[in-house]
Amino acid sequence: MKVLITGICGFVGSALAIALRERVEGIELCGIDNLMRPGAETNRQKLRAIGVDFIHGDIRSDSDVTSLPGSDWVIDAAANPSVLAGISGKGTSRQLFEHNLAALGNVLEYCRHHSAGLLLLSSSRVYSIAALAGLPVRVGEGSFELNVSEPLPAGVSGHGIDAGFSTEAPVSLYGATKLASEIMALEYGAAFGFPVWVNRCGVLAGAGQFGTPDQGIFAYWVNSHLRRRALQYIGFGGKGYQVRDAFHPRDLAELLLAQMRTARSGGARIYTAGGGAGNAMSLAQLNEWCNSQFGVHPPHESKLVRPYDIPWVTMDNRQAAADFGWQPGTSLNTILEEIAEHAARHPEWLETSGV
């Protein structure tokens, strides 16, 4: 099996490469990355040490993509992953479009030319912000909880959000690029006869993740708490009750392998994947975990209201479980312990991440 991973020097891309190398005997791995994200360079030698063929290039460049060797599958892990991309002042909306959607056009043409299957890593942020903000939630023990006693819209239950939840705009500029990418990928696959799997991922987290607030909140929070940096709860009354679920890329690798190995040509092509209700916590609960590990460090309460913030999201894994027997195998506590151990060994990590 030959697998090409775009964005291979990012946290997710590199972790997937390591997980695939451990799980598939004889797999040939090739990866491309432009190394523009702070910290990405730290993964290059690690990948080469396990036999990954690394290519320094940019998938926004058609000539860079057409020069890549052929493969059986492409895992598209290259994207600007920040929901605030295009409006935060750290990059333009045009750059977001080029990174997340225009670049995918080159990847899709590669798949067409080589008859390679595509595994597209999409996002929980393709879902309607108004619909997410309108979910009935109540305050539980330091977190928002979905109030399942109230009427719920299609696509959400106590298990989380599934592929049937509303994607009506607005979904954020970032979410729109990912939703458009899903549509284009599925259309290319149908038009040119190559398999496409779309996985709408919850928060991916683990040791070695670049810890910026908008791209790796669990790693950022643990590293910042340990260093006694200023932290703040933003929005929703400044209490830190907003909830997200998390899972590790090595668990995602198991789902991608199951999809690559299936011969099924019909049926669902879009799946939700995440930590699920059992691997979810609020910022306040995350801070309490850090307090228990590093000593008490209270965040500031901010009343700032930001666009695109939502109170509660967990992903419903039941369809992936039914079709592929998949469930995340790494507990959230284990993920946090691994992040904390990495943070202790790398006191420079926030600076490496560009914070």
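The values are calculated or read from the model by the stated rules, or taken from the named source; none is laboratory data. Being a predicted model, the structure only gives us computed values, none of them experimental. In this analysis, Cβ positions are derived from the backbone assuming ideal geometry, glycine residues included, and neighbour counts consider all displayed protein chains. Each accessible area value is taken on the protein alone, full model and side chains, heavy atoms only, with ligands, DNA and RNA left out. Shrake-Rupley method; radii C 1.70, N 1.55, O 1.52, S 1.80 Å.
Values computed for the structure shown
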{"item": "Residue match in the range 101-108 (condition: of a type outside the set (A, V, I, L, M) and within 24 Å of Asn279 (Cβ to Cβ))", "result": "no"}
{"item": "Qualifying residue in the range 6-16 (condition: touching a Gly at 6+ places or on another chain (Cβ under 6 Å), part of a loop (DSSP other than H, G, I, E, B) and either open to solvent by less than 40 Å² (accessible area, probe 1.4 Å) or of a type in the set (S, T, N, Q) (or both))", "result": "yes"}
{"item": "Which numbered condition Tyr174 fails, given (1) in contact with an Asp or Glu (Cβ under 9 Å, 6 or more places away or on another chain); (2) hydroxyl-bearing (Ser, Thr, Tyr); (3) within 22 Å of Asn80 (Cβ to Cβ)", "result": "(1)"}
{"item": "Ala154 surrounded by fewer than 19 Cβ atoms within 10 Å (Cβ to Cβ) and under 30 Å from Leu104 (Cβ atoms)", "result": "yes"}
{"item": "Residues that are part of a helix (DSSP H, G or I) and either out of contact with any strand residue (DSSP E or B) (no Cβ under 9 Å at 6 or more places or on another chain) or surrounded by fewer than 19 Cβ atoms within 10 Å (Cβ to Cβ) (or both), drawn from the range 157-181", "result": "Leu173, Ala176, Thr177, Ala180"}
{"item": "Tally of residues being surrounded by 13 or more Cβ atoms within 10 Å (Cβ to Cβ) and not in a strand (DSSP E or B) across the range 135-147", "result": "6"}
{"item": "Pairs, first under 14 Å from Lys239 (Cβ atoms) in the range 138-160, second of a type in the set (Val, Ile, Thr), C-beta under 6 Å, six or more apart", "result": "Ser143/Val243; Phe144/Val137; Phe144/Val243"}
{"item": "Cβ pairs under 6 Å, 6+ apart, first in the range 327-352 and more than 18 Å from Arg244 (Cα to Cα), second open to solvent by less than 30 Å² (accessible area, probe 1.4 Å) and assigned to a helix (DSSP H, G or I)", "result": "Ala340/Val222; Ala343/Val222; Ala343/Asn223; Trp349/Asn223; Leu350/Asn223"}
{"item": "Residues of the range 1-28 satisfying the condition of being farther than 12 Å from Ala253 by Cβ and under 22 Å from the mean Cα position of the chain (by Cα)", "result": "Leu4, Thr6, Gly7, Ile8, Cys9, Gly10, Phe11"}
{"item": "Those residues of the range 57-79 which are polar (S, T, N, Q) and open to solvent by 30 Å² or more (accessible area, probe 1.4 Å), in sequence order", "result": "Ser61, Ser63, Thr66, Ser67"}
{"item": "Residues of the range 117-162 satisfying the condition of being under 27 Å from Phe11 (Cα atoms), in contact with a Gly (Cβ under 7 Å, 6 or more places away or on another chain) and of a type in the set (Gly, Ala, Ser)", "result": "Ser123, Ser124, Gly160"}
{"item": "Residue in the range 292-313 that is among the basic types (Lys, Arg), modelled with pLDDT under 95 and within 29 Å of Ala185 (Cα to Cα) present", "result": "no"}
{"item": "Strands (runs of 3 or more DSSP E) within the range 182-276 that include 2 or more residues of a type in the set (Lys, Arg), open to solvent by 50 Å² or more (accessible area, probe 1.4 Å) and modelled with pLDDT under 95", "result": "none"}
{"item": "Test: residue in the range 96-107 that is within 20 Å of the chain's Cα centre (by Cα) and open to solvent by 50 Å² or more (accessible area, probe 1.4 Å)", "result": "yes"}
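Rundown of residues vs (1) among the acidic types (Asp, Glu); (2) over 16 Å from Arg60 (Cβ atoms), yes/no style:
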{"site": "Glu98", "(1), (2)": "yes, no"}
{"site": "Asn106", "(1), (2)": "no, no"}
{"site": "Arg112", "(1), (2)": "no, yes"}
{"site": "Ser115", "(1), (2)": "no, yes"}
{"site": "Ala130", "(1), (2)": "no, yes"}
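Conditions (1) under 17 Å from the mean Cα position of the chain (by Cα); (2) among the hydroxyl-bearing types (Ser, Thr, Tyr); (3) in a loop (DSSP other than H, G, I, E, B), marked per residue:
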| position | (1), (2), (3) |
| --- | --- |
| Pro298 | no, no, yes |
| Asp309 | yes, no, yes |
| Asp323 | no, no, no |
| Leu336 | yes, no, no |
